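The values are calculated or read from the model by the stated rules, or taken from the named source; none is laboratory data. Small disclaimer: the values here were computed from a predicted structure and weren't measured. Cβ sites come from the backbone with ideal geometry, for glycine too, and all protein chains shown count toward neighbours.
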Amino acid sequence: MDSNLKQVAIAVAAVLVFAVVLLFSSTFFKGLRLDMTEHKLFTLSAGSQRIIEAIEEPIHLYYFFSEESSRELTQLRTYADRVEALLDEYVSLSKGNLILTQIDPMPFSEAEDQADGFGLQKVPVGSAGETLYFGLVGSNALDNTEVIGFFQPDRETFLEYEISQLLFRLIQIEKPKIGLISSLPVRDRVNPETFRSEPGWQALNELERNFEIVDIAPDAETIASDVTLLVMIHPKSLPDPLQRSIRAFLARQGAVIAFVDPLAEMDQVAPSPMMPTLPQGQASDLNWLTEDWGITLRAEQVLADAQLALSVTGQNGAPTRHLGILGLGRSELNPLEVPTASLESINVASAGLIDVFEPKLTVTPLLSSSNYAGGMDAAQFQFLRDPSDLNKTFVPGNEAVSIAVLLSGLLPASAVLADPTAGDDPIGINLVLVSDTDILSDRLWVQVQNFFGEPIATAWADNGSFLVNSVEHLAGGADLISIRSRGRYTRPFGVVQDLKREAEARYSQSAALLQVELAETEQRLLELEAQKTTDGLLTLSPEQALALEEFQEQKLSIRKQLREVRHGLDRDIQGLGANLKLMNIGIMPVLLTVLLGLYVGLRSRQIRKLVDEE
């Protein structure tokens, strides 16, 4: 065969091999994804996969992101890529039941009107009045919609949870049923003594927007199978049949949120001042259930905290800090758990202390005190007239105390049902235990005003959101609970941080020595300058004048060294960054090209051999 013809044949063969490889990869590996991130950020958890599998009819997802308005927001665009990749993963696993549409809501467009109609949050960016949309809308076959108003980058660890929660709501045809056990008048009612209607607590009204609340009678022996979550508020003196029904509810994978209290201030049972002990009517606990698991509410003890105490009106009308009425800030709220991650402040009153000893479950604090908290006799708060009196006997502790905890894990059936014959089959437990019931009362977090016959609620703390978040989290069942936070996509390089700390340590040490030397030099200069006469003539000897000149030169030299040390602080960081860029931009593409070239060369030699044989 002619050599030119042979070369042409080889070239054509190489092109054909490349085309076949490209066609093969696009056809057979189109849906193949390889997640090599440390925390498998692009791989959906088992809980999310089960939620996707439960979708029976198509759900439309509308992903709104403003491309033009975000041009200069590099970090936000990086996070948007993360959101888009995760949405693609949901769609790829849905077998056609999730239909994703990406929308760029340009200014004054129908898409922008559509985004506003769905209630998406628009954020002003730039100085020309541009707005940015970054949210998700889901719609099911019944035209029910769920919305993520804006993907907050600071909630990145809950990204998968929020998307799965949106889908979970869309596949539920009816509102989930929440069972309520309470000895307090927390819902709208007619007062049996005055025959007047009284409004319930706003926290329960907020809950009824998304859930159907079913009252559980005190003499109930069973809890309906369609109840997905049980909320208990001040469950005092529960009869044995109801206790057994609660245990059975937990045994069938039900979840519980319990608000207990050593001194429920909203309980209207007024004790006699002559009674030396706390009456049973104002205390409640869940110790009958949790004590065998290693978790209890400390009896007749109220949490006092000198650091978190809020100001109230004292006996003489002057403001004074109340050690039992506490304002919890972000430092006291667990940022890694769904019920408290996005909250800013929560107020509690006469809360209890949760003790944990050899627990059989995982105990995760949700709300905590400061390190200056301690327990005080509940009777001191019950008969309190002047809040300042509490300071006379208060002894602060030296560590934080849990006010609310999440109990999770597996227990044998016999431990849940309190029945040795029940066996050791594992049962999943999810229970939120809160040591305060007043936390839900209106007075601690919301102001409700009448506006032309309609109650308007204005929240000034996040107590109600804590209840709603906890219910939404646990009512989603085991699938949503299992998702939790998945880790961060935008993470700093550990090597870079270590290198930076080392560089800063070197700088600090060198700078400290130079600063001492500089201070000594400046002091000597001041001493020599002080020997000048008032007419400006020096009275220094030639040796002293020479020393003055040397000190001035030394001062300039030291300042120059300090500047050099400062400039050298980031050299190692910049060098590492350059190496990383070289690897990402240069070496990796070259490596891939070489591998492809080797493959093409191998195939070309095989084809050439076949041509020669012909």
Fill in the blank from the handout: Flagged in the range 423-448 as more than 18 Å from residue 291 (Cβ to Cβ), outside any loop (DSSP other than H, G, I, E, B) and touching a Pro at 6+ places or on another chain (Cβ under 8 Å), in numbering order, are 426, 448
Exercise for the section: Kindly establish whether residue 87 is buried (at least 16 other Cβ atoms within 10 Å of the Cβ), assigned to a loop (DSSP other than H, G, I, E, B), in the same structural domain as residue 68 (by TED's automatic domain parsing) and under 25 Å from the mean Cα position of the chain (by Cα). Expected result: no
Completion exercise
The correct count of residues that are closer than 11 Å to residue 55 by Cβ and of a type in the set (Ser, Thr, Tyr) in the range 79-103 is 2
Practice task
Hey, can you tell me all the residues within the range 439-462 that are among the hydrophobic types (A, V, I, L, M, F, W, C) and either crowded, with 19+ Cβ neighbours inside 10 Å or at pLDDT 75 or above (or both)?
Solution key: 439, 440, 444, 445, 446, 448, 457, 459, 460, 461
Practice task
Mind telling me which of the residues 414, 331, 342 ends up being on the phi < 0 side of the Ramachandran plot, in a loop (DSSP other than H, G, I, E, B) and of a type in the set (Ser, Thr, Tyr)?
Solution key: 342
Fill in the blank from the handout: Residues of the range 90-129 being within 18 Å of residue 71 (Cβ to Cβ), of a type in the set (A, V, I, L, M) and either touching a residue at least 40 places away in the same chain (Cβ under 8 Å) or part of a loop (DSSP other than H, G, I, E, B) (or both), in sequence order, are 103, 106, 111, 125, 128
Practice task
Within the range 355-367, identify whether any single residue is basic (Lys, Arg) and in a loop (DSSP other than H, G, I, E, B), and answer yes or no.
Solution key: yes
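For the range 208-270, list the strands (runs of 3 or more DSSP E) that sit wholly inside it and hold at least 2 residues that are touching a residue at least 60 places away in the same chain (Cβ under 8 Å) and in the same structural domain as residue 187 (by TED's automatic domain parsing); which are they?
Strands (runs of 3 or more DSSP E) meeting the threshold: 227-233, 255-259.
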Fill in the blank from the handout: Within the range 385-399, the count of residues that are without any contact (Cβ under 8 Å) to a residue 40 or more places away in the chain and not polar (S, T, N, Q) comes to 5
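Residue-wise test of (1) at pLDDT below 90; (2) in a helix (DSSP H, G or I); (3) among the hydroxyl-bearing types (Ser, Thr, Tyr); (4) under 23 Å from residue 475 (Cα atoms).
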site	(1), (2), (3), (4)
348	no, no, no, no
390	no, yes, no, no
395	no, no, no, no
408	no, no, yes, yes
Completion exercise
Taking the range 368-384 and keeping residues outside any strand (DSSP E or B) and either under 18 Å from residue 347 (Cβ atoms) or not polar (S, T, N, Q) (or both) leaves 369, 370, 372, 378, 379, 381, 383, 384
Practice task
Using the structure shown, decide if residue 293 is of a type in the set (A, V, I, L, M, F, W, C), crowded, with 18+ Cβ neighbours inside 10 Å and either modelled with pLDDT of 95 or more or not assigned by TED's automatic domain parsing to the domain that holds residue 430 (or both).
Solution key: yes
Practice task
Evaluate the following for residue 299: is it at pLDDT below 90, in a loop (DSSP other than H, G, I, E, B), surrounded by fewer than 18 Cβ atoms within 10 Å (Cβ to Cβ) and out of contact with any Lys or Arg (no Cβ under 8 Å at 6 or more places or on another chain)?
Solution key: no
